[in-house]
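Data first, discussion second: the structure below is written as structure tokens.
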Ligand code: G3P
Ligand code: CA
């Protein structure tokens, strides 16, 4: 065997080992996803909320993506700034410079006086680049393409930024970034741009759900996992999904008893506004 073959086998083994480590990690221990950051404690989608999520041992920072008039990717859940800033209007009508003038923290202090902190006043809406600049080396990201039909070109910009920061690609541990969306079209577009990024199809049913083999097969053509409101599922549903080889990430799980229940069912991970609570639940289970 020449050195090139040895090097190739060595590299291939490394990739397999690295990926199976991630797989094993997610199979054995459910991942803790800070939903909009630790948004139960700090204003959602601000650097302060993401920071707290990391301190509280969230495994992933969840980011909802929107795009400004001048094409900057920013973190915000809604298409308008009305709920989470002191301004009004739709994001796509503002340039980044204009958007940066709004206060994305004071609304939280007013809505939740018991959790209010002076440092939340005047927080800015963060760009995706700012989030990666701040947390890229230490964090994992669960990024949602929100309203992709409103923002043509959002997927291309996202993948470009992820490559620019070396967060995805062959040399990067698979799973550092996971992309999620309710839009199958958006996920398939990302698949076409890059087939190495794990994708999660979000499903919007709120009644008790049943998933068919046909649905599973369709989703498996482009995604490696699914996410849905946790109240829509049951142990049979979870088992069927896991047996199919798909991963399952219910949202948004804020009460410890629900966390315990979903861990008993074997979910791959869950979104929570309280990563500290989930961390406590997981740690307690480990120590038993
Ligand atoms: O991304 C999982 C969950 O966040 C989906 O719901 O509305 O909070 O983005 P939403
Ligand atoms: Ca989301």
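Based on DSSP, what percent of beta bridges with both residues in region 30-223 are antiparallel, to the nearest 5? Counting DSSP beta bridges with both partners in region 30-223, the antiparallel share is about 25 percent. For the chain, take the longest principal axis of its alpha carbons; what is the angle in degrees between that and the long axis of helix 154-164, to the nearest 10 within 0 to 90? The answer is roughly 70 degrees. For helix 184-193, report the angle its Cα long axis makes with the longest principal axis of the Cα atoms of the chain; keep it between 0 and 90° and round to the nearest 10°. Approximately 70 degrees, to the nearest ten.
Compared with the direct C-alpha span, the chain from residue 284 to residue 205 gains 25.3 nm at full extension, assuming 0.36 nm per residue.
Relative to the longest principal axis of the Cα atoms of the chain, helix 275-287 runs at roughly 30 degrees. Rg over Rh for the chain works out to 0.98, both radii taken from alpha-carbon positions and Rh defined as the Kirkwood radius.
Figure the gain on full extension for residue 69 and residue 93 (residue separation times 0.36 nm, minus the Cα-Cα span) and round it to one decimal in nm.
8.1 nm
Inter-label distance, residue 217 to residue 55: 5.1 nm, where each label sits 7 Å from its Cα along the C-beta direction. In the Gaussian network model of the chain, springs joining C-alpha atoms below 10 Å, which of 249, 163, 60 carries the largest mean-square fluctuation? Of the options given, 163 has the highest mean-square fluctuation. Diffusion coefficient (Stokes-Einstein, Kirkwood radius over C-alpha pairs, 20 °C, 1.002 mPa s) for region 87-241: 119 µm²/s, rounded to a whole number. Extension gain, residue 100-residue 150: 0.36 nm per intervening residue step, less the Cα-Cα distance, totals 15.9 nm.
A short reminder: the numbers here are calculations on the coordinates, not readings from a lab. On a predicted model such as this, the values are computed, not experimentally measured, just so you know. Positions of Cβ are generated from backbone atoms using ideal geometry, with glycine treated the same way; all protein chains shown enter the neighbour counts.
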